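K.L.:
Got a structure for you, written out below as structure tokens; questions coming shortly.
The values are calculated or read from the model by the stated rules, or taken from the named source; none is laboratory data. Worth saying up front: this structure is predicted, and the values here are computed from it rather than measured. Don't worry about glycine lacking a Cβ; one is built from the backbone with ideal geometry, like all the others, and counts go over all protein chains shown. The area values use the complete protein model at the heavy-atom level, side chains included, leaving out ligands, DNA and RNA. Shrake-Rupley method; radii C 1.70, N 1.55, O 1.52, S 1.80 Å.
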Amino acid sequence: MYRSKTHACADRILSIFQFHGRAIVRGKGKARMEFGAKIGTSIVEGYTFMDHHSWDAYNESQDLSLQIQLFKERFGHLPASILVDTIYLNRLNRDIFEDLEIQSYCKPLGRPLKNQPSREMKSRMVKAIGERNDIECLFGTGKIIYRVNDIRAKLSETARCWMGMCYFVKNMKKFLRELYLVLTEIWRILIAIVTMRGYVCSPQPVIVN
């Protein structure tokens with residue numbers, strides 16, 4: 001920087017302890033710069049998947065093709081619909097949605113159409129915005145509850161594993177809650193079957209001859 005008379009240095013070391021960390025310009029009111037990993041995540045039926053992990057700044061819209069590919073590898077088929085942020089809705093990603101016949105429930109580009117969407121389509125778009133709140137709340141929940149913002153690993157791969165374990169614990173909690181509900185429902189059904197068959201002692205006397 002001294003020799004070239006510049007005030008910028010690519011891949012400069014910001015922390016001796018975590019030398020792989022880079023400054024990421026966010027432009028937020030609270031902090032102009034953020035330090036730490038940048039991740040791309042997806043939620044399928046409440047379960048969180050960490051699809052992309054990087055210590056360098058990148059455009060999130062580039063993750064769409066990767067996330068669709070990983071979804072197909074995990075579940076064996078393409079998703080019927082994907083709910084994304086507006087940053088994903090560029091022309092390239094819209095072409096991907098159209099080619100793969102994936103519904104995104106997003107507003108079309110250009111001027112408003114003369115034939116407005118049907119009432120059912122409008123209600124589905126509003127519902128899609130509400131369903132996207134899960135992914136918006138994911139990062140706040142990860143920082144507050146699972147301490148994703150307090151990764152103290154020294155190596156980049158260890159930090160990635162640490163962060164992945166945080167979301168693994170979140171998925172395990174969801175699985176155990178669903179398992180508890182299933183077991184409770186099975187127990188309720190068994191109690192109902194036993195009661196119907198008369199296995200439970202009745203207070204009324206039984207007269208036999």
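K.L.:
Only Lys, Arg, Asp and Glu count, each charged at its Cβ (+1, +1, -1, -1), so figure out the dipole size of the chain about its Cα centre, rounded to 20 debye.
P.N.:
820
K.L.:
Also, I was wondering about something else. If ligands, DNA and RNA are left out, what is the accessible area of S104 with a 1.4 Å probe, given in Å² to the nearest 10?
P.N.:
Solvent-accessible area, nearest 10 Å²: 20 Å².
K.L.:
Cross-chain or 8 or more residues apart, Cα under 21 Å: how many lysine pairs in the chain fit that? Count them up, please.
P.N.:
Summing the qualifying lysine pairs gives 14.
K.L.:
Using θ = phi - 60° and the Karplus form 6.51 cos²θ - 1.76 cosθ + 1.60, what ³J(HN,Hα) does each residue of segment 146-152 get, whole Hz, x for Gly and Pro?
P.N.:
Running phi through 6.51 cos²θ - 1.76 cosθ + 1.60 with θ = phi - 60° gives 9, 6, 5, 8, 10, 7, 10 Hz.
K.L.:
For the chain, modelled as a GNM with alpha-carbon contacts under 10 angstrom, which of N133, N149, N171 fluctuates the most?
P.N.:
N133
K.L.:
For the chain, what is the accessible area per residue in Å² when the probe is 1.4 Å?
P.N.:
78
K.L.:
Tell me the net charge near R132. Cut-off is 13 Å between Cβ atoms, R132 excluded, with +1 for each Lys or Arg and -1 for each Asp or Glu.
P.N.:
Local net charge: -2.
K.L.:
So, one more: What are the ³J(HN,Hα) values, in whole Hz, obtained from phi via the Karplus relation 6.51 cos²θ - 1.76 cosθ + 1.60 with θ = phi - 60°, for each residue of segment 76-86 in sequence order, with x given for Gly and Pro?
P.N.:
Rounded to whole hertz, the list is x, 7, 7, x, 6, 8, 9, 9, 10, 6, 5.
K.L.:
In addition: Just to confirm a number: summing +1 for Lys and Arg and -1 for Asp and Glu over residues other than L92 whose beta-carbon lies under 14 angstrom from that of L92, what do you get?
P.N.:
-3
K.L.:
So what is the calculated 222 nm ellipticity per residue for the chain, using -39500 (n - 2.57) for each DSSP H run with n of 4 or more, over all residues, to the nearest 500 deg cm²/dmol? Before the final figure, lay out the partial values.
P.N.:
On the way: 5 runs with 89 residues, N = 209.
The helix-only estimate for the chain comes to -14500 deg cm²/dmol at 222 nm.
K.L.:
Something else: Report, in order of residue number, the helices in the chain meeting two criteria: a C-alpha extent of 20 Å or more along the helix axis, and a mean Kyte-Doolittle hydropathy of at least 1.0; treat each whole DSSP H run as one helix. Show your work: numbers first, answer last.
P.N.:
Values: long enough: 156-196 (60 Å, 0.60).
Counting only whole DSSP H runs, no helix qualifies.
K.L.:
(i) 17.2, 51; (ii) 25.5, 111; (iii) 18.0, 57: which one is Rg and Dmax of the Cα atoms in Å as calculated from this entry?
P.N.:
(ii)
K.L.:
Test of understanding: in a Gaussian network model of the chain with alpha carbons linked when under 10 Å, which of G130, G164, G36 would top the mean-square fluctuation ranking?
P.N.:
G130
K.L.:
Let me ask something additional. Could you order K72, K5 by accessible surface area, starting with the largest, using a probe radius of 1.4 Å?
P.N.:
Listed by decreasing accessible area, they come as K5, K72.
K.L.:
Here is a follow-up. Carbon-plus-sulfur fraction of the accessible area of the chain, 1.4 Å probe, in percent?
P.N.:
Roughly 59 percent of what the probe reaches on the chain is carbon or sulfur.
K.L.:
With a 1.4 Å probe and every protein chain left in place, tell me how much accessible area C106 has, in Å² to the nearest 10.
P.N.:
About 30 Å², ignoring ligands and nucleic acids.
K.L.:
Further, regarding this structure: Amide H to amide H, which residues 5 or more places from H53 or on other chains are under 5 Å from it, using H placed in the peptide plane?
P.N.:
Distant-sequence amide H within range of H53: G40.
K.L.:
Another question, if that's okay. Report the residue, chosen from Y47, Y167, Y180, that carries the largest GNM mean-square fluctuation when the chain is represented by alpha-carbon nodes joined by springs under 10 Å.
P.N.:
Highest fluctuation among the options: Y180.
K.L.:
I've got another one for you. For Q103, which sequence-distant residues (separation of 5 or more, or a different chain) have an amide H within less than 5 Å of its own amide H, given hydrogens modelled in the peptide plane?
P.N.:
Residues meeting the criterion, in which the H sits 1.01 Å from N, are S81, I82.
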